[in-house]
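See below for the structure under consideration.
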Amino acid sequence: MSEVLGIGVSHKTAPVAVRERLALTPGKVEAFLRDTLGVADVQEAVAISTCNRTEVYVVASDPVEAETRVLGMLARKAGIRPTELAGSIYALRNCDAARHLYRVTSGLESMIVGEAEVQGQVKRAYDDALAAQSTGPLTNHLFRAALATGKRVRSETRLGERRLSVSSIAAALAAEQLSGLERREVLLVGAGETSELAARALADHGVEAIFVANRRRDRAISLAQRFGGQATSFDALPQELERADAVICTTSSPHPILEAEEVAAVMDARDGRALLIIDLAVPRDVASDVRHVPGVALYNVDDLQSVVRRNRSVRQVEAQHAEGIVEEEIQRFAEWLGSLEVLPTVGALRAQGQAIAEQIVRENAGRWESASEKDLERIEALAQAVVNRILHEPTLRMKGMSDDRVHLRMQVVRDLFGLEDVPEGIEAEQPLAEVRQLRRRDAPPA
């Protein structure tokens, strides 16, 4: 039977230095999914990559082999040995994998509990997988149910009421470090969704001027116009850095945009004015050694934790309500997942019993020399009827299961009876055979 497997790292298990090496930039997701489908009988795959996590959800008939191979792919991408990732990687199966994805989509696994962006990020990951044609029945159901769970959490709780996000926390940090943002100039490097959220948060803090730098100038102009700012080019970054009070970086560049040498040159031209740089990108936009340049205060996404902790207590009650919703939805997923396995398991068990009965009849064929063809038919019918009578009650009980432990119970049945290769889609709807009284050869028809 195929199983759902979730493999990944997050801000809870790995620092940004590890996460950025595993990050899947938009242009590389499709190729990664295509490569994943080619290993260890992986039939379906979806990958999520954000500043806080990289996770791969696959469907495979051999989850142990799939886990090993996918871990190897991630390790090769990061350029490190799989054993070095062992302490950072988590691998979850079936309902545990689904529960984790539901929690991610609901914002319960985010650095900022209830953050605004994560549901959109999960939807884009699913859309990318649909475009790459790497989804299937299990992942389609899983991700649609996860997105529906996220919507329930947002509509039935106040978890996302304040619309906190990494970007809004970055703006709050900038306001804290600069003693307010009024009369301050902030440079945004990047013009995507994270930059838009940052611009909105900066405007709410009363920032005096926002400058937007992006490789695509049209996007920079569009974002700047919405918030009364100005667009600039990447070529003008040194001049903009000289005048800015703070810089927030959010691009999806695979390589650093700001290196220590050029930032040092900028600081020489600032006449001793300090510069605050907040790097929200993963992979990071700012080289780590920039923090050693005199006058620079550099923060990355992991450094926002102290600000986050001050907001966490406000959301604890709503988070508990959200977790209850997640568990309700997981119950439904578990029942659905278990229902996929009941009929194939019942069918495989009946097929095994019938095969054993036929084998025993064949092995003893020589013992009934005087039996007629009709007698042999009765013997075969009797053997099959015994099998069906024995399996009658277990079949009814298995087909009547509907709780969240169906998957585990079916696994126990398969283990007990050695049903290692259960074909998917086996039907077990034919009526159970009945034991009928055998007629003597000379008895009149009933």
_Condition (residue is crowded, with 21+ Cβ neighbours inside 10 Å, part of a helix (DSSP H, G or I) and β-branched (V, I, T)) applied to the stretch 95-108: is it met by at least one residue?_
yes
*asked:* Would you confirm, using the coordinates I've provided, whether G180 is in contact (Cβ under 8 Å) with a residue 60 or more places away in the chain and on the phi > 0 side of the Ramachandran plot?
replied: no
*Residue that is nearest to E30 (Cα to Cα), among those in the stretch 120-161 that are part of a loop (DSSP other than H, G, I, E, B) and in contact with a Gly (Cβ under 7 Å, 6 or more places away or on another chain)*: G160
_All but one of (1) within 21 Å of V308 (Cβ to Cβ); (2) more than 33 Å from the chain's Cα centre (by Cα) hold for P238; state the number of the condition that does not hold._
(1)
*So how many residues does the stretch 26-39 have that are part of a loop (DSSP other than H, G, I, E, B) and either at pLDDT 85 or above or surrounded by 19 or more Cβ atoms within 10 Å (Cβ to Cβ) (or both)?*
2
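Here's the yes/no breakdown for (1) surrounded by fewer than 23 Cβ atoms within 10 Å (Cβ to Cβ); (2) without any contact (Cβ under 8 Å) to a residue 24 or more places away in the chain:
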position: V186; (1), (2): no, no
position: D204; (1), (2): yes, no
position: E208; (1), (2): yes, no
position: N214; (1), (2): no, no
position: D218; (1), (2): yes, yes
position: I221; (1), (2): yes, yes
position: S233; (1), (2): yes, yes
position: Q239; (1), (2): yes, yes
*Only one of these conditions is not met by S110: (1) over 26 Å from S195 (Cα atoms); (2) free of Cβ contacts under 8 Å to residues at least 60 places away in the same chain; (3) not aromatic (F, W, Y). Which number is it?*
(1)
*Please identify the pairs in which a residue from the stretch 334-345 that is free of Cβ contacts under 8 Å to residues at least 60 places away in the same chain and part of a helix (DSSP H, G or I) has its Cβ atom under 8 Å from the Cβ atom of a residue that is hydroxyl-bearing (S, T, Y) and surrounded by 20 or more Cβ atoms within 10 Å (Cβ to Cβ), counting only partners at least 6 apart or on another chain.*
none
_Residues that are touching a helix residue (DSSP H, G or I) at 6+ places or on another chain (Cβ under 6 Å): list the strands (runs of 3 or more DSSP E) wholly contained in the stretch 229-286 that include at least 3 such residues._
230-232
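This table checks each residue for (1) within 29 Å of S2 (Cβ to Cβ); (2) among the β-branched types (V, I, T); (3) in contact (Cβ under 8 Å) with a residue 60 or more places away in the chain.
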site: A348; (1), (2), (3): yes, no, yes
site: Q352; (1), (2), (3): yes, no, yes
site: V361; (1), (2), (3): no, yes, no
site: A365; (1), (2), (3): no, no, no
site: E369; (1), (2), (3): no, no, no
site: R389; (1), (2), (3): no, no, no
site: H392; (1), (2), (3): yes, no, no
site: L396; (1), (2), (3): yes, no, no
*Q331 under 29 Å from D415 (Cβ atoms) and part of a helix (DSSP H, G or I)*: yes
*Among the residues of the stretch 169-208, how many are not β-branched (V, I, T) and not in a loop (DSSP other than H, G, I, E, B)?*
23
*Criterion (surrounded by 15 or more Cβ atoms within 10 Å (Cβ to Cβ) and touching a residue at least 60 places away in the same chain (Cβ under 8 Å)) met by exactly one of V282, V290, V296*: V282
*Candidate set: the stretch 317-353, residues that are of a type in the set (G, A, S) and under 21 Å from the mean Cα position of the chain (by Cα); chosen: the one surrounded by the most Cβ atoms within 10 Å (Cβ to Cβ)*: A322
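Only one of A91, A145, A131 is touching a Phe, Trp or Tyr at 6+ places or on another chain (Cβ under 8 Å) and not assigned by TED's automatic domain parsing to the domain that holds A236. Can you tell me which?
A145
Check the stretch 425-442 and report whether any residue there is modelled with pLDDT of 60 or more, within 26 Å of L337 (Cβ to Cβ) and part of a loop (DSSP other than H, G, I, E, B).
First pass over the stretch 425-442, keeping only residues modelled with pLDDT of 60 or more: none.
No, the stretch 425-442 contains no residue that is modelled with pLDDT of 60 or more, within 26 Å of L337 (Cβ to Cβ) and part of a loop (DSSP other than H, G, I, E, B).
The values are calculated or read from the model by the stated rules, or taken from the named source; none is laboratory data. Everything numeric here is computed off the predicted structure, so don't read it as measured data. Neighbour counts run over all protein chains shown; Cβ positions are idealised from the backbone, glycine included.
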